[in-house]
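Trainee: The following block contains the structure, expressed as structure tokens.
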Amino acid sequence: MDALSPEAINLLATLTADIQKTTAIAVAILISCGAIGTALGFGILGGKFLESAARQPETVPMLQIKMFIIAGLLDAVSMIGVGIALLFTFANPFIGAVRAAFGL
């Protein structure tokens, strides 16, 4: 394998830094959107549960079970987002593509 010129090393370092910077911003957006969506979902879910419990108190046990199932699904969506964000943070596939383009 040929040694890289100083200009190529400088370009590789710049591209890697740009990818890391952009990935950090994307990860922050991904986690924050997941958190906001989950918070809105829980707010709507709780409000609708209280409305229906006030209208028909006899259905509260059945509604409560369904509410907890939906709450678990809401949490799962944000945890999937956190998992994807961790993947991009610690095993960034874009940096590997840049290194491959330079023959490393």
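The values are calculated or read from the model by the stated rules, or taken from the named source; none is laboratory data. Since the structure is predicted, the reported quantities are computational estimates derived from the model, not experimental observations. Please note: Cβ atoms are built from the backbone with ideal geometry, for glycine as well, and neighbour counts cover all protein chains shown.
Trainee: Considering only residues that are closer than 20 Å to S32 by Cα and surrounded by 11 or more Cβ atoms within 10 Å (Cβ to Cβ), which ones fall in region 63-72?
Mentor: A71
Trainee: Show the residue pairs that are 6+ apart or on different chains and have beta-carbon atoms under 9 Å apart, the first residue being within region 1-21 and under 13 Å from V98 (Cα atoms) and touching a residue at least 12 places away in the same chain (Cβ under 8 Å), the second being outside any helix (DSSP H, G or I) and of a type in the set (V, I, T).
Mentor: Listed pairs, sorted by first residue: none to list.
Trainee: So, in region 32-63, exactly how many residues are of a type in the set (A, V, I, L, M) and farther than 15 Å from V77 by Cβ? Talk me through it step by step, then tell me what you get.
Mentor: Within region 32-63, the first condition is being of a type in the set (A, V, I, L, M), and the residues that meet it are 35-36, 39-40, 44-45, 50, 53-54, 60, 62-63.
Narrowing the set further to residues that are farther than 15 Å from V77 by Cβ leaves 50, 53-54, 60, 62-63.
The number of residues fulfilling the criteria is 6.
Trainee: Right, another one. Say we look at region 1-28 and pick out the residues that are exposed (fewer than 11 other Cβ atoms within 10 Å of the Cβ) and among the aliphatic types (A, V, I, L, M); which of these is modelled with the lowest pLDDT? Spell out how you get there, then give the answer.
Mentor: Going residue by residue through region 1-28, those that are exposed (fewer than 11 other Cβ atoms within 10 Å of the Cβ) are 1-3, 5-7, 13-14, 17, 21, 25.
Retained after the next criterion (residues that are among the aliphatic types (A, V, I, L, M)): 1, 3, 13, 17, 25.
Details: M1: 51, A3: 78, A13: 91, A17: 93, I25: 95.
Out of the qualifying residues, it is M1.
Trainee: Checking I31 against (1) within 23 Å of F88 (Cα to Cα); (2) out of contact with any Gly (no Cβ under 7 Å at 6 or more places or on another chain); (3) not aromatic (F, W, Y), which test does it fail?
Mentor: (2)
Trainee: Just need a number here: residues in region 80-96 that are in a helix (DSSP H, G or I) and exposed (fewer than 11 other Cβ atoms within 10 Å of the Cβ). Quick ask: steps written out before the conclusion?
Mentor: Here is the first cut: in region 80-96, the residues in a helix (DSSP H, G or I) are 80-90, 93-96.
Still in the running and exposed (fewer than 11 other Cβ atoms within 10 Å of the Cβ): 83, 90, 93.
The number of residues fulfilling the criteria is 3.
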